[in-house]
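The values are calculated or read from the model by the stated rules, or taken from the named source; none is laboratory data. Given the structure is predicted, the values throughout are model-derived calculations rather than measurements. Cβ coordinates were reconstructed from backbone atoms using ideal geometry, including for glycine residues, and neighbour counts include every protein chain displayed. The accessibility values were calculated without ligands, DNA or RNA, using every heavy atom of the protein model including side chains. Shrake-Rupley method; radii C 1.70, N 1.55, O 1.52, S 1.80 Å.
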Amino acid sequence: MNTLPEWTDLRFFLELARAGTLSGASRRLAVEHTTVARRIDRLEIQLGTTLFDRSREGYELTELGQALLPHAEAMESAALAATEQLGGTEVAAHGVVRLGVPEVFGVRVVAPLLVGLLQTHPDLSIDLLVLPRFANLANREADLGVMLDPPSTGRYMITRLASFRFYLYASPEYLARHPPIREHADLARHDFVDYVQDRLASRELSYLNELGFTPRRRLCCTGMTAQVEAAALGMGLIMAPPYAVPDDGRLVPVLDQFFAERSFWLAAPTDLYRLQRVRAVWNLLREYSDRQPSLFVHGREERR
C-alpha cells in the first residue's frame, strides 16, 4: 500500500458495514448504490485485501474487514468532533442522531418529546429506530439507545434512565365475563396476553414468571403494541408499564399491589457521547424522565 486510504472511502466502508446492503448504504449516504460499490472496490484494491463477503443477501465483513472497523470508527468520531468544534456548535446542535428505543416507549413517549427538541434545534435531525428489540450499539446501529440490558463490555456512557413497573390490566369487558379478581390467588383462573417466550429481546421481559404460577397464555406477541390491543379487546390480562396503557378506558388496573419492577438504561459509545448533538438527545431523555415519574410508576405525584 503506497498511500493511506481516503477518509471518504472509509466512510463508505462504515455505512456499508452498518447497513449490510448497497441500497441501505446508498440511502444513508444519499448517493447511488453504484457509487458505494465503486468506492468499496477502490478501497479494497488500495488496501490489497477483501473487506466484504458478497452474497445475494448482502455484504458481510470479512475477518480483515472486522479488524479495520474500529479504526474507521475512531476516524469517524474524530472527524465528527472536529466538525462540531470548528462549527461552533456549543449553542445549537446540528447533524443526525440515531436513537434506538423500545417500540411502545418510542411511539408513546419519545416521538412526541422530540418535536420540541427539533423546534429548538432547527439544524438537528433524528433517526428514531423504533424496534421490537434493543439497538445494537456495538455495531453502531444507533448513536445512543434505551434498553433493559446495558452494555457490560466496551467503552460506553451509561445511566439509569428510569425505574418502572409492569402492572396488571384488563379490559372492562373481559372482567365482566370472567370470575372476579379480589386477591392474587384469583389470577390463576384467568387468561393472559404476553410476549412470545422464545423471542424475548431480554430475559427482563419474562415478568409473568413472577406471578408464582404458570400463567395460561392465550395470545403471545413479539411486541407490546399488539399485546395492548389484544388485551383491550378482551383477550386476557396483560402486564404493562403505565406509559404503554392508552388513556381511553379500554384497559383498567387489576390488583395494583402486584407489579414487576425493571429499569431502563440509557447508553452511548463514549466517543459519540462527546458530540453535542448526541448529548442534546441524552439530556432531553434524562430530564423528561425525571420530571414525569407517573409514566413509569403508579401513585407518584408528578414533580414540578
Within the stretch 239-276, residues at pLDDT 90 or above and in a helix (DSSP H, G or I) come out as P242, Y243, A244
Pick out the one residue from E73, E103, E15 that is in contact with a Pro (Cβ under 9 Å, 6 or more places away or on another chain), under 23 Å from L129 (Cα atoms), modelled with pLDDT under 90 and not aromatic (F, W, Y).
E73
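Among the candidates A37, A25, A17, single out the residue that is in contact with a His (Cβ under 8 Å, 6 or more places away or on another chain), open to solvent by less than 80 Å² (accessible area, probe 1.4 Å) and touching a residue at least 12 places away in the same chain (Cβ under 8 Å).
Just one listed residue meets the conditions, A25.
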Among the numbered conditions (1) over 30 Å from A19 (Cβ atoms); (2) in contact with a His (Cβ under 7 Å, 6 or more places away or on another chain), tell me where D123 comes up short.
(1)
Name the pairs whose Cβ atoms lie under 8 Å apart, with the first residue in the stretch 131-156 and outside any loop (DSSP other than H, G, I, E, B), the second of a type in the set (V, I, T), and 6 or more positions between them or separate chains?
L131/V101; L144/V97; L144/V278; L144/V281; G145/V101; V146/V101; V146/V110; Y156/T270
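Within the stretch 44-61, can you find the residues that are surrounded by 15 or more Cβ atoms within 10 Å (Cβ to Cβ) and not in a helix (DSSP H, G or I)?
Taking the stretch 44-61 first, the residues surrounded by 15 or more Cβ atoms within 10 Å (Cβ to Cβ) are 44, 46-47, 49, 51-52, 58-59, 61.
Within the stretch 44-61, T49, L51, F52, G58, Y59, L61 meet the criteria.
For (1) in contact with a strand residue (DSSP E or B) (Cβ under 9 Å, 6 or more places away or on another chain); (2) part of a helix (DSSP H, G or I); (3) of a type in the set (G, A, S), each residue gets a yes or a no:
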site	(1), (2), (3)
V96	yes, no, no
G106	yes, yes, yes
L117	yes, yes, no
S125	yes, no, yes
T159	yes, no, no
Please list, ordered by first then second residue, the pairs with beta carbon atoms under 6 Å, 6 or more apart or interchain, first in the stretch 281-296 and closer than 17 Å to I126 by Cα and at pLDDT below 90, second surrounded by 14 or more Cβ atoms within 10 Å (Cβ to Cβ) and of a type outside the set (S, T, N, Q).
none
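For the stretch 15-43, how many residues meet the condition of being hydrophobic (A, V, I, L, M, F, W, C) and outside any helix (DSSP H, G or I)?
Going through the stretch 15-43, the residues hydrophobic (A, V, I, L, M, F, W, C) turn out to be 16-17, 19, 22, 25, 29-31, 36-37, 40, 43.
Still in the running and outside any helix (DSSP H, G or I): 30-31.
Number of matching residues: 2.
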How many residues are open to solvent by 10 Å² or more (accessible area, probe 1.4 Å), of a type outside the set (G, A, S), within 17 Å of Q227 (Cα to Cα) and in a loop (DSSP other than H, G, I, E, B) if we restrict to the stretch 188-214?
2
Looking only at the stretch 215-244, filter to residues that are touching a strand residue (DSSP E or B) at 6+ places or on another chain (Cβ under 6 Å) and open to solvent by 20 Å² or more (accessible area, probe 1.4 Å); which one of those is farthest from H190 (Cα to Cα)?
C220
